[in-house]
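Below is one structure, written out as structure tokens; the observations come after it.
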Amino acid sequence: MTTEETGTHGAILADPPDTAAGDGAIVELRNAGKSYGNIRALHGVSLKVHPSQVTCVLGDNGAGKSTLIKIISGLHQHTEGEFLVDNAPVHFTTPREALDKGIATVYQDLAVVPLMPVWRNFFLGSEMTKGPWPVRRLDIERMKKTADEELRNMGIVLDDLEQPIGTLSGGQRQCVAIARAVYFGARVLILDEPTAALGVKQSGVVLKYVAAARDRGLGVIFITHNPHHAYMVGDHFSVLRLGTMELSASREQITLEELTNHMAGGAELAALKHELSQVRGVDTEALPEEGDLTVAAGGEGKS
Ligand SMILES: Nc1ncnc2c1ncn2[C@@H]1O[C@H](COP(=O)(O)OP(=O)(O)O)[C@@H](O)[C@H]1O
Ligand SMILES: [Mg+2]
């Protein structure tokens, strides 16, 4: 059940290929942006993803989170700034190119076939085969065994890998998808709001495997609008608002309270505080002042 047995951070990865040139970031955005025609969805975003670290991207609906990960996962191309992988500028035109660089994305609406067994979904699109052509056939036993081992390695225990994946809970399906990305050699794992539709307990389970992926040396990009979830696993926090990055802070630079306040938005919170002061029983003195909400953590994201 523990992730300790997988060893130290970075156990699965070879040495970062760029130790001389850079600081070991696998993925980096420099002032990157994206316009859809006249609509500027993202502008001036700088971000780094390091092995064995969780980079959280927070923001409200429409903030540009999905646009950001679509650039990194090869679905869309940036129209401004730079996007580097292993310190070399890239312009992916398909998700396949991102995958070839080890960048795997787990989308919220997971690409699974609900009626197919768990093990079958684990290998979907990359099935193991045996025997020579033209009698090559699926190596079912090996796929079952490998899926079982890999899930166990990540501490995921399912009673029966024959059960249709559609019968698993949303959290369990996310976990299978994470284990799958790890098995197929991902170096960067992008998770788009994996806990958004989940209850407290299931969210906790998913967060556990986010940490497990990190402990195996992956750089994780964790998209969420929940600062509590982010703070439980995050090493770095980037907050997007209306397409620009309004905060970039490492864990040492920011407390959970500050991050939460940031997400709530200083001005909105001040207005809310005023309204709450009309309500009996709410201690508005305990709420933060607006001045406290502008965190002096102008990290690398602020240019
Ligand atoms: N394909 C698209 N064409 C035009 N505008 C888009 C497209 N995708 C996203 N946008 C716009 O870009 C902005 C950011 O969207 P998105 O990245 O989906 O935000 P988030 O994931 O944080 O909710 C929104 O204003 C959205 O309407
Ligand atoms: Mg989105």
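In the stretch 176-196, of all residues being surrounded by fewer than 21 Cβ atoms within 10 Å (Cβ to Cβ) and of a type outside the set (D, E, K, R), the one that is nearest to residue 57 (Cα to Cα) corresponds to 196. For the residues 37, 33, the requirement of being at pLDDT 95 or above and within 14 Å of ligand 1 (Cβ to nearest atom) singles out 33. Run down 168, 207 and say which single residue is buried (at least 18 other Cβ atoms within 10 Å of the Cβ), under 21 Å from residue 105 (Cβ atoms) and over 17 Å from the mean Cα position of the chain (by Cα). Of 168, 207, the one residue that is buried (at least 18 other Cβ atoms within 10 Å of the Cβ), under 21 Å from residue 105 (Cβ atoms) and over 17 Å from the mean Cα position of the chain (by Cα) is 168. Quick one: would you say residue 41 is farther than 28 Å from residue 212 by Cβ and within 13 Å of ligand 2 (Cβ to nearest atom)? Considered against the rule, which asks whether it is farther than 28 Å from residue 212 by Cβ and within 13 Å of ligand 2 (Cβ to nearest atom), residue 41 comes out as yes.
So which residues in the stretch 216-232 are over 12 Å from residue 189 (Cβ atoms) and buried (at least 21 other Cβ atoms within 10 Å of the Cβ), if there are any at all?
First, pick out the residues of the stretch 216-232 that are over 12 Å from residue 189 (Cβ atoms): 224-232.
Selection gives 224, 227, 229, 230.
Reported count of residues in the stretch 58-111, each being within 16 Å of residue 224 (Cα to Cα) and either within 13 Å of the chain's Cα centre (by Cα) or within 10 Å of ligand 1 (Cβ to nearest atom) (or both), is 17. For the stretch 156-208, the tally of residues that are within 16 Å of ligand 1 (Cβ to nearest atom), of a type in the set (Val, Ile, Thr) and assigned to a loop (DSSP other than H, G, I, E, B) stands at 1. Cβ-Cβ distances below 6 Å connect the following pairs, each with a first residue in the stretch 180-206 that is among the charged types (D, E, K, R), a second residue that is part of a loop (DSSP other than H, G, I, E, B) and within 16 Å of ligand 2 (Cβ to nearest atom), and a separation of six or more residues or different chains: 192/107; 192/108; 193/108. Scan the stretch 190-211 for residues that are of a type in the set (A, V, I, L, M, F, W, C), more than 14 Å from residue 234 (Cβ to Cβ) and out of contact with any Cys (no Cβ under 9 Å at 6 or more places or on another chain) and the total you get is 5.
Test of understanding: among 84, 115, which residue is surrounded by fewer than 22 Cβ atoms within 10 Å (Cβ to Cβ) and part of a loop (DSSP other than H, G, I, E, B)?
Details: 84 fails: part of a loop (DSSP other than H, G, I, E, B).
Going through 84, 115 in turn, just one is surrounded by fewer than 22 Cβ atoms within 10 Å (Cβ to Cβ) and part of a loop (DSSP other than H, G, I, E, B): 115.
Pairs are defined by a Cβ separation below 8 Å, a sequence spacing of at least 6 or placement on different chains, a first member in the stretch 57-70 that is more than 9 Å from residue 41 (Cβ to Cβ), and a second member that is more than 8 Å from ligand 2 (Cβ to nearest atom) and among the aromatic types (Phe, Trp, Tyr); the pairs so defined are 57/222; 58/237.
Could you list, in sequence order, the residues of the stretch 254-288 that are in a loop (DSSP other than H, G, I, E, B), within 23 Å of residue 225 (Cα to Cα) and at pLDDT 70 or above? Break it down into steps so the answer makes sense when it comes.
Restricting attention to the stretch 254-288, the residues satisfying the condition of being in a loop (DSSP other than H, G, I, E, B) are 254-255, 265, 278-283, 287-288.
Those still in the list that are within 23 Å of residue 225 (Cα to Cα) too: 254-255, 265, 287-288.
254, 255 - these are the residues of the stretch 254-288 that are in a loop (DSSP other than H, G, I, E, B), within 23 Å of residue 225 (Cα to Cα) and at pLDDT 70 or above.
For residue 59, indicate whether it is at pLDDT 90 or above and within 16 Å of ligand 2 (Cβ to nearest atom). Yes: the conditions hold for residue 59. The one condition from (1) within 16 Å of ligand 1 (Cβ to nearest atom); (2) surrounded by fewer than 22 Cβ atoms within 10 Å (Cβ to Cβ) that residue 131 does not meet is (1). Look at (1) in contact with a His (Cβ under 9 Å, 6 or more places away or on another chain); (2) outside any helix (DSSP H, G or I); (3) among the hydroxyl-bearing types (Ser, Thr, Tyr) and you find that residue 238 fails only one, number (1). In contact with an Asp or Glu (Cβ under 7 Å, 6 or more places away or on another chain) and either farther than 29 Å from residue 26 by Cα or of a type in the set (A, V, I, L, M) (or both): is that true of residue 128 in this structure? For residue 128, the condition - in contact with an Asp or Glu (Cβ under 7 Å, 6 or more places away or on another chain) and either farther than 29 Å from residue 26 by Cα or of a type in the set (A, V, I, L, M) (or both) - is met.
The values are calculated or read from the model by the stated rules, or taken from the named source; none is laboratory data. Everything quoted here is computed from the prediction, not taken from an experiment. Glycine also receives a Cβ, built like all others from the backbone with ideal geometry; neighbour counts cover every protein chain displayed.
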